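Single-structure report; data block below.
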Amino acid sequence: MIIVMKPGATKEQIQHVIDLVHDFGLKDHPIYGTDRTVIACIGDKRTVDKGAIENAPMVEQIVPILAPYKMASTEVKQTRTEIPIGPKQFPVGGNKVGVIAGPCAVEGRDQLLRTADAVAAAGAIGLRGGAYKPRTSPYSFQGMREEGLKILEAARDATGLAIVTEAIGIESLDAVAEASDVVQIGARNMQHYPLLEAAGRCGKPVMLKRGPSAHLDEWLLAAEYVINAGNSQVILCERGIRTFETYVRNTLPLAALPALRRRTHLPVLIDPSHGTGHAYMVPNMCQAAVAAGADGLLLEVHHDPEHALSDGAQSMTPAAFGEMMNMLKRIAKAIGREM
Ligand code: PEP
Ligand code: MN
């Protein structure tokens, strides 16, 4: 349930209600808005004396939260969440469309720094690159791991880009959180609940990809795990789902954008690289995603896609990326957004 305080409620009056909520065994998540505060209460409501709360000074009303996810829901928070990322604190989730680009995997210092320079020059706000790679086959390149993290840090120092890299397990989470500006939880791990909880305690924003067969509610409940563990800085990333179709690696459902906008205040990125599997499809899908209201994009860019150690077929060249960014800026402008 949500306790809505009247405008002008004092800190003490809000604290009094929070204390009452604790007395009834519920967890409180206050959200301080510009004109009023609401207190979301999570837990077993059966033991709660609602009358006692309703009678507390400056309480306006108590409303139930109907969505199974609570803190991620627009029922609890109507204003869109903005998450500043990286050394320059680029906002994700505001009026700006943020593009995070880079290779699927960190393959070496030259490779990453070269790509980092190119995507920064084209207007990206973040650099992606897996140091730990969740590969379908155990015989495929598994990533440079700790060494890869060091290279990512060097790329941040050189460019000021926000570093986005994946934590594939709890064992490597601390190292990844330390080195990165945004911790990516990959599609395969969307239902790794202990990892989600650990990410909720990691102290960095989390980018949560949609599981390839997850419903929106399941995805939002996965986000709820991170938020409930103490981290409200969650960015969602749609990366396509598995369908019967074979001309694409995954089917990219852009209808998720309006559907999520109705359900959640969290920012949403679109990843047309994994969402199609083909570099030639990526520019069109990016245009559509920006036009449809995406908060940003996550893209794979490699200076030599033919020799990439992973996901070369879906990686754009820096030149194609630069050209596409120019087009996207025009689309963003046409719908009243910046890039
Ligand atoms: C990736 O971003 O390189 C990746 C492994 O993506 P996903 O988890 O969406 O498959
Ligand atoms: Mn990839």
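The values are calculated or read from the model by the stated rules, or taken from the named source; none is laboratory data. Predicted model only: the values in this text are computed from it and were never measured. FYI the Cβ positions are ideal-geometry reconstructions off the backbone, even for glycines, and counts take in every protein chain you see.
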Inset, instruction - Mind counting the residues in region 318-339 that are assigned to a loop (DSSP other than H, G, I, E, B) and surrounded by 16 or more Cβ atoms within 10 Å (Cβ to Cβ)? - result: 2
Inset, instruction - For VAL248, indicate whether it is at pLDDT 95 or above, of a type outside the set (D, E, K, R), in contact with a Cys (Cβ under 8 Å, 6 or more places away or on another chain) and over 30 Å from GLU147 (Cβ atoms). - result: no
Inset, instruction - Report the residue count in region 176-194 for those that are within 18 Å of TRP219 (Cα to Cα) and surrounded by fewer than 20 Cβ atoms within 10 Å (Cβ to Cβ). - result: 4
Inset, instruction - With the checklist (1) in contact (Cβ under 8 Å) with a residue 24 or more places away in the chain; (2) in a helix (DSSP H, G or I) in hand, flag the one item ASP157 doesn't pass. - result: (1)
Inset, instruction - Determine the pairs where a residue that is on the phi > 0 side of the Ramachandran plot, located within region 285-301, has a partner that is assigned to a helix (DSSP H, G or I) with Cβ atoms under 8 Å apart, the partner being 6 or more residues away or on another chain. - result: GLY293/LEU257; GLY293/PRO258; GLY293/ARG261
Inset, instruction - Please report, ordered by residue number, the helices (runs of 4 or more DSSP H) entirely within region 227-310 with at least 1 residues that are of a type in the set (A, V, I, L, M) and away from ligand 2 (no atom under 16 Å from the Cβ). - result: 256-263, 282-291
Inset, instruction - Quickly run through region 116-141 and pick out the residues that are under 19 Å from the mean Cα position of the chain (by Cα) and either within 16 Å of ligand 2 (Cβ to nearest atom) or more than 24 Å from GLY94 (Cβ to Cβ) (or both). - result: GLY126, LEU127, ARG128, GLY129, GLY130, ALA131, TYR132, LYS133, PRO134
Inset, instruction - Please state which of the following conditions THR81 fails to meet, knowing it meets all the rest: (1) surrounded by fewer than 17 Cβ atoms within 10 Å (Cβ to Cβ); (2) closer than 30 Å to LYS204 by Cβ. - result: (1)
Inset, instruction - Kindly establish whether MET285 is over 12 Å from GLU238 (Cβ atoms), assigned by TED's automatic domain parsing to the domain that holds ASP110, within 16 Å of ligand 1 (Cβ to nearest atom) and crowded, with 20+ Cβ neighbours inside 10 Å. - result: no
Legend entry - ALA259 vs. criteria touching a strand residue (DSSP E or B) at 6+ places or on another chain (Cβ under 9 Å) and in the same structural domain as GLY211 (by TED's automatic domain parsing): no
Inset, instruction - Can you tell me which residue within region 68-78, out of those that are touching a helix residue (DSSP H, G or I) at 6+ places or on another chain (Cβ under 7 Å) and part of a loop (DSSP other than H, G, I, E, B), is surrounded by the most Cβ atoms within 10 Å (Cβ to Cβ)? - result: ALA72
Inset, instruction - Could you tell me whether GLY293 is within 16 Å of ligand 1 (Cβ to nearest atom), in contact with a strand residue (DSSP E or B) (Cβ under 9 Å, 6 or more places away or on another chain) and either modelled with pLDDT of 95 or more or closer than 16 Å to GLU238 by Cα (or both)? - result: no
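For (1) more than 13 Å from ILE2 (Cα to Cα); (2) in contact with a helix residue (DSSP H, G or I) (Cβ under 7 Å, 6 or more places away or on another chain); (3) in contact (Cβ under 8 Å) with a residue 12 or more places away in the chain; (4) part of a loop (DSSP other than H, G, I, E, B), each residue gets a yes or a no:
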residue: GLN15; (1), (2), (3), (4): yes, no, no, no
residue: HIS22; (1), (2), (3), (4): yes, no, no, no
residue: HIS29; (1), (2), (3), (4): no, no, yes, no
residue: ALA56; (1), (2), (3), (4): yes, yes, yes, yes
residue: GLN61; (1), (2), (3), (4): no, no, yes, no
residue: ILE65; (1), (2), (3), (4): no, no, yes, yes
residue: THR81; (1), (2), (3), (4): yes, no, yes, yes
residue: PRO87; (1), (2), (3), (4): yes, yes, yes, yes
residue: ILE100; (1), (2), (3), (4): yes, no, yes, no
Legend entry - Candidate set from region 296-310 (those that are farther than 21 Å from ALA120 by Cβ and not polar (S, T, N, Q)); member that is nearest to ligand 1 (Cβ to nearest atom): LEU309
Inset, instruction - Being closer than 25 Å to ALA175 by Cα and not small (Gly, Ala, Ser) is the filter here, so list the residues in region 197-218 that pass it. - result: GLU197, ARG201, CYS202, LYS204, PRO205, VAL206, MET207, LEU208, LYS209, ARG210
Legend entry - Qualifying residues in region 228-264 (those that are within 16 Å of ligand 1 (Cβ to nearest atom) and of a type in the set (D, E, K, R)) - the one surrounded by the fewest Cβ atoms within 10 Å (Cβ to Cβ): ARG242
Legend entry - Filter result for THR136 (within 11 Å of ligand 1 (Cβ to nearest atom) and modelled with pLDDT under 95): yes
Inset, instruction - All but one of (1) more than 16 Å from ligand 2 (Cβ to nearest atom); (2) surrounded by fewer than 19 Cβ atoms within 10 Å (Cβ to Cβ) hold for ALA155, so report the exception by its number. - result: (2)
